[in-house]
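The values are calculated or read from the model by the stated rules, or taken from the named source; none is laboratory data. Keep in mind that what you see is a predicted model, and the values were worked out from it rather than measured. When we count neighbours, we look across all protein chains shown, and the Cβ atoms used for this are built from the backbone with ideal geometry, even at glycine. Only protein heavy atoms, including side chains, enter the accessible area calculation; ligands, DNA and RNA are left aside. Shrake-Rupley method; radii C 1.70, N 1.55, O 1.52, S 1.80 Å.
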Amino acid sequence: EEDCIAFSGNLGYHPNVDAVRFFHREIWPSLRGAHPGLCWKIIGKNPGYVQAETSSDPAIRLTGPVPDALDALASAKVCVVPLRSGSGTRFKILEAWAAGRAVVSTPLGAEGLGATSGRELLLARDPAEFAAAVGRLLSSPGLRREIAEAGRRLYCDRYTWPAAWQSLDRLLP
């Protein structure tokens, strides 16, 4: 693990741009103050949409698209999902779980996954809660590992091809 947090997604998608801006303005300053060596990796295509927002901070790394998202996420201590708008499948969290990473998300960001805050991830409703949740995970390797392992189990039990086939098999006579 690097002393790093990660956000992944298509940065040309407005809800992801909003999430990066929100995190950068409202959450990142307190995390940087509490964890001076921390870096933030922003992973995904279309990094130009957030470059102006983040370029002044050398602790923020825009990776652009990567060959293997799971590998890129697996090096981070915590994955952050500060979504405030948007809908659809929550691939950010599924990828983080597949990579065995602990996740902090807004309730909207984790909607529909059937996860329980404090077990498979941590949910935060406002910037102070979000920074505190990320800080807890950064400061507690044991808690970070527990949350990551529970998220990985939920991912394996519900969101893999074998789990999907088992679900379909139960429907057959």
If I filter the stretch 70-87 down to residues being closer than 20 Å to CYS156 by Cα and without any contact (Cβ under 8 Å) to a residue 60 or more places away in the chain, which single residue comes out as most open to solvent (accessible area, probe 1.4 Å)? ASP71
Of all residues in the stretch 118-144, how many are within 26 Å of TYR159 (Cα to Cα) and open to solvent by 60 Å² or more (accessible area, probe 1.4 Å)? 3
Any chance GLU120 is farther than 27 Å from PRO15 by Cα, within 15 Å of the chain's Cα centre (by Cα) and not aliphatic (A, V, I, L, M): no
In this structure, does VAL20 turn out to be buried (at least 18 other Cβ atoms within 10 Å of the Cβ), at pLDDT 95 or above, over 21 Å from VAL103 (Cα atoms) and touching a helix residue (DSSP H, G or I) at 6+ places or on another chain (Cβ under 7 Å)? no
Which condition breaks for ALA110 when tested against (1) crowded, with 23+ Cβ neighbours inside 10 Å; (2) of a type in the set (Gly, Ala, Ser); (3) in contact with a Phe, Trp or Tyr (Cβ under 6 Å, 6 or more places away or on another chain)? (3)
Test LEU154 against the stated conditions and say whether it is under 20 Å from TRP28 (Cβ atoms), at pLDDT 95 or above and not charged (D, E, K, R). no
Quick one: is SER8 buried (at least 22 other Cβ atoms within 10 Å of the Cβ) and not hydrophobic (A, V, I, L, M, F, W, C)? yes
Quick count over the stretch 101-133, residues being in a loop (DSSP other than H, G, I, E, B) and polar (S, T, N, Q), is 2
For the stretch 33-56, the count of residues that are touching a residue at least 24 places away in the same chain (Cβ under 8 Å) and either of a type in the set (D, E, K, R) or within 26 Å of LEU122 (Cα to Cα) (or both) equals 14
Condition first: among the polar types (S, T, N, Q), surrounded by fewer than 23 Cβ atoms within 10 Å (Cβ to Cβ) and over 11 Å from the mean Cα position of the chain (by Cα). Can you find one or more residues in the stretch 153-164 that meet it? yes
